[in-house]
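Notes to accompany the following structure.
The values are calculated or read from the model by the stated rules, or taken from the named source; none is laboratory data. Fair warning: this is a prediction, and the values are worked out from it, not measured in the lab. FYI the Cβ positions are ideal-geometry reconstructions off the backbone, even for glycines, and counts take in every protein chain you see.
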Amino acid sequence: MSSFSHLHVHTEYSILDGLAKIPDLIRKAYDDGQRAMAITDHGNMFGVFSFVEQVEKFNAKHAKKNDPFKAIIGCEVYVAANSRFDKDKTVRENRSGKHLILLAKNWTGYRNLSRIVSYSYSEGMYYTPRVDKELLRKYSEGIIASSACLGGEVPQAILKYNNYDPANPIPTIFNLDEASKIIEEYKSIFGNDYYLELQNNGHREQIMVNEALKQLSVKHQVRCIATNDVHFVNREDFEAHRMLICINTRRDFYSKEGSLQDEDSDNGLAYSGEEYLKTTAEMVELFKDFPEAIANTNQLVNKIESYRLASEPLLPKFEVPKEFKNEYDYLEHLTYQGAKRRWKEIDEKIQERLTFELETIKKMGFAGYFLIVQDFINAGKKQGIRFGPGRGSAAGSAISYCLGITNFDPIKYNLLFERFLNPDRISMPDMDIDIEDTGRDAVIEYVTQKYGFENVAQIITFNTMAAKSAIRDCARVLQLNLNESNRLAKLVPETPKITFDKVFETTPELKKELESPNELIRKTLQYAMQLEGTVRSSGVHACGVIIGKNNLYDSLPLCTAKNSDVLVTQYEGKQVEDAGLLKMDFLGLKTLNIISNTLYNIKKRQNIDVDIDNIPFDDKKTYELFSMGDTTAIFQFESPGMRKYLQELKPERFEDVYAMVALYRPGPMDNIPHFINRKFGREKISYPIEGMGTFLDETYGITVYQEQVMQLAQFIANFTPSQADTMRKAMGKKNELLMNELEEAFYQGGMKNGHPKKTLEEIWKEWKRFSSYAFNKSHATCYAYVAYQTAYLKAHYPAEFMAANLTNNLKDLGKITSLIDDTMRMGINILGPDVNESELDFIVNKKGDIRFGLGGLKNMGASTVVSLVEEREKNGNYENIFDFIKRQNFRLFNKRSLEALAYAGAFDCFDNIHRAQFFHEDNDGKSFIEKLINYGNGEQTNISRNQTSIFDFASDDDEDFGLPEIPACEPWHPLEQLKFEKEIAGFYISGHPLDEYKTIIDNFTNVNLETIANPALHAQYAFKTLSFVAIVTAVKVGITKNNKDYGTIQLEDYNGNYNWTLFGEEFTRYKHLFEEGKQLFIKARLEERYYNKNKDTQKNYDLKPISIFYLSDSYDNLCKNITLTFNVKDIAANIAYLIKEAAETYPGKVPLYIRVATLAGNFHSDLHSYDLKVEPEKFVKQLKLTIPHQITFNS
């Protein structure tokens, strides 16, 4: 039998069009005896690097010796009708382009194919990435081309000039003039490397087109090849492929005969179901009447060379000043220049370290890397951009410290350079750079300007179909009831990267649905399982940036970000690095924004310049803050568990702080009690080998860091620094082969130093156990440094620090609530927005109160706020609402802005006007806001009349620019006012609807919605009676397939949100309570959704109601009476009067009892009044202001 190779194959990287996964294609082709294959995805080379890489791995593992599989790199490009620059919307043929297959014959061809595809995005993108003949001609060297499918230019010309008749599919005479011209044009570009494709996969027009192509082949001496336009691997994958197409085109799933591809991507041609990876036998049978088409695929394959895409690192060249010979010479100069700034005097220890690092960098050829990084960091610092002190192992480099790349002394804190660069392990340095969020784009812009637009690109990411999203997608196109779709999707846990296999283990309910009597449910799950893991879309990496040594168009395929001209690689991050390009991760770190905002607030209010990078590391107030666990808003130290341990540890030195960063994680967390006990002498510290304390004393004899193991290996067994790092990596990666080699070397070296083998074996065993959770000390110290900075600011400048945190967490309701609570606990007031004091961000006023930032309001753009503030600072405070209106710049300020300020209370500073008046409409149907706008428009006659503004709605004949009268109306109810505040700010400003029930919350609840909404905590609270309060913010009701009522109730409290779905009687019993805005007291239980004998399997829980009632009825349902307890020493002459006054002021239904107790609490006297009943909330609040007492609520 003739051999054969598929040369027209679409993988899953033909996004939402191809279903074939690369490993499956390789395996099937090789097992069939095929020894080559091309991938030719639509318009891109997304899968190329992965394809070549996986073929190499396959050959190493499976291929027989001297019988490898050949990877052929290709792309099915879109050829523009004329020029790739033509983007006229009125010309439909500009929208897509005709198909053409391009294959890279050799390395030159790969480079040229990359250029062609890259320019199709950066220059030709218009609905699809398009090329043109000019581009093809320019980069044709090393390229093989073929005429593609029915969507190709030659087949389209045949179809255009020859009428297809199903009864007589082959015309007696063809009109092939246009097709001939096209062929000759392509021959002039590609010469003998141009081929005509014959396809026979069930499309009726192919009979006519194939016959015409055969005639054209003879006429123009162009060879024909057989292809199959592969889109999926096996014939039985067709239905799943149709599902994929429907998801792409957002069409309903319909019969096989009607299944159409997206007309924009393939001219509306139908799939037949034959577009799978056929065997050689199947292809030979298809083309038995034209066998040379099969043989010619081998002739073409033989032209193609094999080559690797992976490459050694190619660092960009850094231009050094003329007086320096090379990059290393300049690096050495900058290093010693920086060393003098850092240490003043360079002693022998520092000199030895710098020499070692410089020699290592020189040997490895990475001087340019350090110069590049220090350049953009120091350039950013000059622009006022804040960078982190370091991240990861890079902080172990003293040279990085000298250059300003890091800001933490690695010699003082015993951080290891070889943890960062190992001379025996040549690999590109990996420096992740923390940058404040607001400065990241400026740094990327600097790098782009420095190295050139075409030398810098961001990195692509691919989003795949997860189990939950696959269910929703398939349910939608199958037209499964939305309620059923949601029900199935909710059975998939929220665990990241969870697969159907894992879901079926943990959630048998979902597995049972595979046997559901509802055919649509069965099909939904079956198709979702097939589509799981398929690439669904592409995106741009949030942090990654590459910098090329040369023009990136010459290095790898590029594309552009959506609706942008920003260059993006077509390979993912790891592949980009393997291709030899320099990858930098610019990580936006919000904490750095908070630090910068805090420093601004301090300077503005107190005129103090805090040098946060040079604060003392022995600050008493800072360690007191850590010791009290007062770490809300402190980087890395906010969790309740961490606070508890801090209160026990009472850190007094920086070493304790960074040890907690390393220890507070699953695994090492078990050592925290020992760490604390050893610090305070409650546990003995001992070492099996004398001298180990040199490396372990700082952590009280507990091995916490990878660096400690590395240093001990050198001390105990004479490992070299490189050996020690290799050991560290082998342990972390669990490389058993390498670990066995190093274990023997450890024993040999240790016994040579006189240590017993049994002791060495015990140490090695402990290290192996420890390796699974050992932490990078360099990383721990850097993050502890940022934590210490935030703690220092909170300890010394609490208002300024909390204001900065509020500014940077406006979108996080739970976080904002926590910050507000902590701020109020510290005695700092948070004031609402005020046009006479607010700025863009939260600020601290002269009294030390925090003032809400106007930038936190919807419809208040930054430029609008800046204009408002600048006007106020230039010409003084606004005297009243009319003065405010006439002084605004109406090119920036509009009706929505005015409404936002009114809703949020920013005009409450003005006398004789309240919020409701702004929206009150008089008999003329106009609101006061509209009249203010007319007034402002009249006052600002200098604004151009033909400029579009918010005033366009006002008619010319009824404009009256006189001073409008403030309407008379009632103020809003407090709850209504709070509702508007939340709509405009995202949270409540002047209070919270639940505030009036604070006593109930404090005394009768045991959880909040943040706990309820966190599945990780459910096991902890399962089967207990949970009591909580919530506001109903939305209700959605429906009918299940069993004709039962159900409802999804969106609940909210101080801490977060929770969507609670109830079915059947559980819902109908409480349905009358579920109204938007209603405040509820809820008792419920978390019950296990199923029983699973496997204790390691994640369990799922449902929240089941026990009782629900209105919060306003809480005391009736929960509280029989209130007891006020007074200590004898607190009894004053007027106490009875104060109690009586409060009770009469706030009468209610709850009986009040009085108890007087002795100092020791061993005797008390109870006083009863059967007619004294109070409204608890207000009564208790009043008493707190007047007399000391203890209150007990008896249920």
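Key figures for this structure:
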item	result
Residues satisfying the stated conditions in the range 10-37, i.e. touching a Gly at 6+ places or on another chain (Cβ under 8 Å) and either within 18 Å of Glu282 (Cα to Cα) or of a type in the set (Ser, Thr, Tyr) (or both)	Thr11, Tyr13
Qualifying residue in the range 899-919 (condition: under 42 Å from the mean Cα position of the chain (by Cα), surrounded by fewer than 18 Cβ atoms within 10 Å (Cβ to Cβ) and either among the β-branched types (Val, Ile, Thr) or part of a helix (DSSP H, G or I) (or both))	yes
Pairs with Cβ under 6 Å, 6+ apart, first in the range 899-928 and on the phi < 0 side of the Ramachandran plot, second among the polar types (S, T, N, Q)	Ala900/Asn859; Cys909/Asn836; Phe910/Asn880; Phe919/Ser927; Glu921/Ser927; Phe928/Gln917
Selection count where residues are in contact with a Gly (Cβ under 8 Å, 6 or more places away or on another chain) and either of a type in the set (Gly, Ala, Ser) or not in a strand (DSSP E or B) (or both), scope the range 136-159	2
All positions within the range 544-559 that are buried (at least 18 other Cβ atoms within 10 Å of the Cβ) and either more than 14 Å from Gly452 (Cβ to Cβ) or of a type in the set (S, T, N, Q) (or both)	Gly544, Ser555, Leu556, Pro557, Cys559
Verdict on Lys574 being assigned by TED's automatic domain parsing to the domain that holds Thr438 and free of Cβ contacts under 8 Å to residues at least 12 places away in the same chain	yes
Filter pass, Glu153 being touching a residue at least 60 places away in the same chain (Cβ under 8 Å) and of a type in the set (Asp, Glu)	yes
Answer residue from the range 653-708, given it is among the charged types (D, E, K, R) and exposed (fewer than 14 other Cβ atoms within 10 Å of the Cβ) and is nearest to the chain's Cα centre (by Cα) among those	Arg665
Test: residue in the range 93-106 that is out of contact with any Asp or Glu (no Cβ under 8 Å at 6 or more places or on another chain), surrounded by fewer than 17 Cβ atoms within 10 Å (Cβ to Cβ) and at pLDDT below 90	yes
Identity of the residue in the range 728-781, crowded, with 21+ Cβ neighbours inside 10 Å and not hydrophobic (A, V, I, L, M, F, W, C), that ends up farthest from the chain's Cα centre (by Cα)	Gly750
Residue list for the range 1172-1189, filter: at pLDDT 65 or above and more than 16 Å from Ser1112 (Cβ to Cβ)	Leu1172, Lys1173, Val1180, Lys1181, Gln1182, Leu1183
Lone qualifier among Gly109, Gly124 - being assigned to a loop (DSSP other than H, G, I, E, B) and over 25 Å from Ala212 (Cβ atoms)	Gly124
Scan of the range 699-744 for residues that are on the phi > 0 side of the Ramachandran plot and basic (Lys, Arg), ordered by number	Lys734
Qualifying positions in the range 388-417 - small (Gly, Ala, Ser) and touching a residue at least 40 places away in the same chain (Cβ under 8 Å)	Gly388, Gly390, Gly392, Ser393, Ala394, Ala395, Gly396, Ser397, Ala398, Gly404
Selection count where residues are among the β-branched types (Val, Ile, Thr) and on the phi > 0 side of the Ramachandran plot, scope the range 801-839	0
Within the range 306-338, tally of residues that are touching a Lys or Arg at 6+ places or on another chain (Cβ under 7 Å) and modelled with pLDDT of 95 or more	1
Unique residue being of a type outside the set (Lys, Arg), modelled with pLDDT of 90 or more and more than 33 Å from the chain's Cα centre (by Cα) when the list is Thr1040, Thr1005	Thr1005
Flag if Ile672 is touching a Leu at 6+ places or on another chain (Cβ under 9 Å) and either farther than 30 Å from Ile595 by Cβ or in a loop (DSSP other than H, G, I, E, B) (or both)	no
Per-region count, the range 381-390, residues surrounded by fewer than 23 Cβ atoms within 10 Å (Cβ to Cβ) and either in contact with a Phe, Trp or Tyr (Cβ under 9 Å, 6 or more places away or on another chain) or over 20 Å from Asn597 (Cα atoms) (or both)	3
From Ala724, Ala795, Ala784, residue being at pLDDT 95 or above, crowded, with 22+ Cβ neighbours inside 10 Å and of a type in the set (Gly, Ala, Ser)	Ala784
Filter result for the condition that a residue is buried (at least 17 other Cβ atoms within 10 Å of the Cβ), of a type in the set (Asp, Glu) and either more than 29 Å from Ala659 (Cα to Cα) or over 32 Å from the mean Cα position of the chain (by Cα) (or both), over Glu327, Glu345	Glu327
Number of the exception - His755 against (1) in contact (Cβ under 8 Å) with a residue 60 or more places away in the chain; (2) part of a helix (DSSP H, G or I); (3) in contact with a helix residue (DSSP H, G or I) (Cβ under 8 Å, 6 or more places away or on another chain)	(2)
Residue match in the range 1047-1054 (condition: more than 31 Å from the chain's Cα centre (by Cα) and surrounded by fewer than 18 Cβ atoms within 10 Å (Cβ to Cβ))	no
Which listed residue is assigned to a helix (DSSP H, G or I) and over 24 Å from the mean Cα position of the chain (by Cα), from Ala470, Ala489, Ala475, Ala442	Ala475
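Condition check ((1) closer than 30 Å to Thr360 by Cα; (2) of a type in the set (Ser, Thr, Tyr); (3) buried (at least 17 other Cβ atoms within 10 Å of the Cβ)) across all residues:
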| position | (1), (2), (3) |
| --- | --- |
| Asp441 | no, no, no |
| Phe453 | no, no, no |
| Asn463 | no, no, no |
| Leu491 | no, no, yes |
| Thr495 | no, yes, no |
| Val503 | no, no, yes |
| Thr506 | no, yes, yes |
| Ser516 | no, yes, no |
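Here's the yes/no breakdown for (1) touching a helix residue (DSSP H, G or I) at 6+ places or on another chain (Cβ under 8 Å); (2) assigned to a helix (DSSP H, G or I); (3) free of Cβ contacts under 8 Å to residues at least 24 places away in the same chain:
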| site | (1), (2), (3) |
| --- | --- |
| Pro23 | yes, yes, no |
| Asn44 | yes, no, no |
| Phe51 | yes, yes, no |
| Ile72 | yes, no, no |
| Val117 | no, yes, no |
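So that you can scan it fast, the table gives a plain yes or no per residue for (1) touching an Asp or Glu at 6+ places or on another chain (Cβ under 6 Å); (2) farther than 16 Å from Phe366 by Cβ; (3) surrounded by 15 or more Cβ atoms within 10 Å (Cβ to Cβ):
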position: Tyr276; (1), (2), (3): no, yes, yes
position: Val284; (1), (2), (3): no, yes, yes
position: Glu292; (1), (2), (3): no, yes, yes
position: Ala295; (1), (2), (3): no, yes, yes
position: Ile304; (1), (2), (3): no, yes, yes
position: Arg308; (1), (2), (3): no, yes, no
position: Thr335; (1), (2), (3): no, no, yes
